[in-house]
Amino acid sequence: MRFVIPEQLPVQELKEGIEHRVAWGKNVMISMLKMVPAAAIPEHSHPHEQVGEIISASATSLSILAKP
């Protein structure tokens, strides 16, 4: 197991106004997103199970679609 300090991870700009940091280990990966107001992530999907946690937000709409 390794420990990381999120602020020290490299930043990738996914699109304008969305910063992405990622850390991973043998069996887990965590993505951290920082978004400016009104930024939006295009609809997409993942082949594996995903877990998300919103730390702080103000939103007019939020849509999360999941298929079993």
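Worth pointing out:
Here is a yes/no grid of residues against (1) part of a loop (DSSP other than H, G, I, E, B); (2) touching a His at 6+ places or on another chain (Cβ under 6 Å); (3) modelled with pLDDT under 85:
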residue: Met1; (1), (2), (3): yes, no, yes
residue: Val4; (1), (2), (3): yes, no, no
residue: Val22; (1), (2), (3): no, no, no
residue: Met32; (1), (2), (3): no, no, no
residue: Ile41; (1), (2), (3): yes, no, yes
residue: His48; (1), (2), (3): yes, no, yes
residue: Glu53; (1), (2), (3): yes, no, yes
residue: Ser63; (1), (2), (3): yes, no, yes
residue: Pro68; (1), (2), (3): yes, no, yes
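- Total residues in the range 1-47 satisfying the condition of being surrounded by 11 or more Cβ atoms within 10 Å (Cβ to Cβ) and among the charged types (D, E, K, R): the figure is 4.
Matching residues to (1) under 13 Å from the mean Cα position of the chain (by Cα); (2) more than 21 Å from Arg2 (Cβ to Cβ):
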| residue | (1), (2) |
| --- | --- |
| Lys15 | yes, yes |
| Val22 | yes, no |
| Gly25 | no, no |
| Met29 | yes, no |
| Lys34 | yes, yes |
| Ala40 | yes, yes |
| Glu49 | no, yes |
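- Contacts under 9 angstrom Cβ, first residue in the range 1-13 being more than 22 Å from Asn27 (Cβ to Cβ) and among the acidic types (Asp, Glu), partner surrounded by 10 or more Cβ atoms within 10 Å (Cβ to Cβ) and at pLDDT 90 or above, 6 or more apart: Glu7/Arg21; Glu13/Glu19; Glu13/His20
The values are calculated or read from the model by the stated rules, or taken from the named source; none is laboratory data. Predicted model only: the values in this text are computed from it and were never measured. Heads up, the Cβs are rebuilt from the backbone with ideal geometry, glycines too, and the neighbour counts pull from every protein chain shown.
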